[in-house]
Every structure is written in C-alpha cells, then in structure tokens.
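Undergrad: First, the structure itself, so that you have it in front of you.
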Amino acid sequence: MVNCMTGKSAREDAEKIRQDADERIAEAEKRASDNLDIARRIQADFDNYKKRTQRENEEFRKHASDSLIADILGIIDDLERALSHAPKDDDLAAGVGSIRNNLMKILSLKGLAEISTDGKFDPAVHEALCAEAGENDGEITEVFQKGYRIGDRVLRYAKVKVTKRQTEGEQKCQES
C-alpha cells in the first residue's frame, strides 16, 4: 500500500509541476506578446518620427533661402530705380540692366516670380497703400513696389494704389 500511495503522490506532484510549468509558460508567452506589441508600437512611433523629421528638414531647406532672397529684392529695387533715372542709351545703364536681368534669372531658378499687378486688386497678393476715385472698385492704378512669390507663398506683397468708386453722397461732399 505504501507503494500505491507514493505512486499516486508522485503522479500528483508531477501533474502539479506540469500545471505550474504550463502556467509559467502561458504567462511568459503573454509577457512576450505584450513586449512584442510594445516594440512594434515603439518601432511605428520611431518610423513616424523619422518621416516627420525628414518632412520638416525638407521644408526648412526649401524655405531657408527665402530670407536671403527677400534681402536681395531690395537690391533689385535699387537697380530698377537707378535704371529708371538713367538715359536709355547709356552704357553704364545697359550694364546695370544686364546685372539686374542676370540676378532675376538666378532668382527665378530658385522659384521667384513677380506678382502680377494687371487688373483687379487681390488682397491675397497685393497691399493697398492708398485709394483714388475711379469708376470701378479695386482696379490697380499705380504700383509703388513690386511683389514677389516663391511657389504658392508670397515673399513680398505688391504695394499698390487702387480705385474706389464714390457714391453720390461722397461726390456731393467733395463738390461743396
């Protein structure tokens, strides 16, 4: 009888050890699965971080020269003012004009384009400095400073004078 007892007890002990081992294995598999999920999330977060950083760096590189180009626009304005006051047949004026044209070619390769001032006033690209009486509202009559854009972004707004149609009441006040 002793043998039966020890045999049954040994089987029970072995079964208990197997159950404990199965529980530990299941628990270890769950922890491994949880750790794998965490690792995948971290990997996805890192991939998103790399993509976002790359996009930001590309944006920065794209706009890094904007400030320099905006400063150069002042020089272009000076060259245009000098040309407007110089005689047309002057060799010096021809040289200054050539320098201005070459500078504009280089800047246009960087994406710089002049904002059109023909036609109607557009507050998205024009800055109205003053208004004068006219038949229609919002027609550009004079350009004080050219405007420029790079791609779809305005680098400098065109400074213009626009027309404003007067009402009958306004006209009577001015006549008196």
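The values are calculated or read from the model by the stated rules, or taken from the named source; none is laboratory data. Because the structure is predicted, anything quoted here is derived from the model rather than measured. Methodologically, a virtual Cβ is constructed for each residue, glycine included, from the backbone with ideal geometry; neighbour enumeration extends over all protein chains shown.
Undergrad: Can you pull out the residues in region 73-101 that are of a type in the set (S, T, N, Q) and under 24 Å from residue 159 (Cα atoms)?
TA: 84, 101 - these are the residues of region 73-101 that are of a type in the set (S, T, N, Q) and under 24 Å from residue 159 (Cα atoms).
Residue-wise test of (1) of a type in the set (A, V, I, L, M, F, W, C); (2) surrounded by 13 or more Cβ atoms within 10 Å (Cβ to Cβ); (3) outside any loop (DSSP other than H, G, I, E, B).
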{"position": "117", "(1), (2), (3)": "no, yes, no"}
{"position": "122", "(1), (2), (3)": "no, yes, no"}
{"position": "127", "(1), (2), (3)": "no, yes, yes"}
{"position": "132", "(1), (2), (3)": "no, no, yes"}
{"position": "136", "(1), (2), (3)": "no, no, no"}
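Undergrad: Is there any pair with a first residue in region 21-46 that is in contact (Cβ under 8 Å) with a residue 60 or more places away in the chain and a second that is loosely packed, with under 10 Cβ neighbours inside 10 Å and not in a helix (DSSP H, G or I) whose Cβ atoms are under 7 Å apart and which are 6 or more apart or on different chains, and what are they?
TA: Short answer, once both residue conditions are applied: none.
Undergrad: Identify, from the list 151, 147, the residue that is at pLDDT below 90 and outside the structural domain of residue 69 (by TED's automatic domain parsing).
TA: Only one candidate passes the filter, namely 151.
Undergrad: Look at region 138-154 and say how many of its residues are within 23 Å of the chain's Cα centre (by Cα) and loosely packed, with under 15 Cβ neighbours inside 10 Å.
TA: Qualifying residue count, region 138-154: 3.
Undergrad: Please find, among 19, 54, 43, the residue that is within 30 Å of residue 155 (Cα to Cα) and assigned to a helix (DSSP H, G or I).
TA: Exactly one of 19, 54, 43 is within 30 Å of residue 155 (Cα to Cα) and assigned to a helix (DSSP H, G or I), namely 54.
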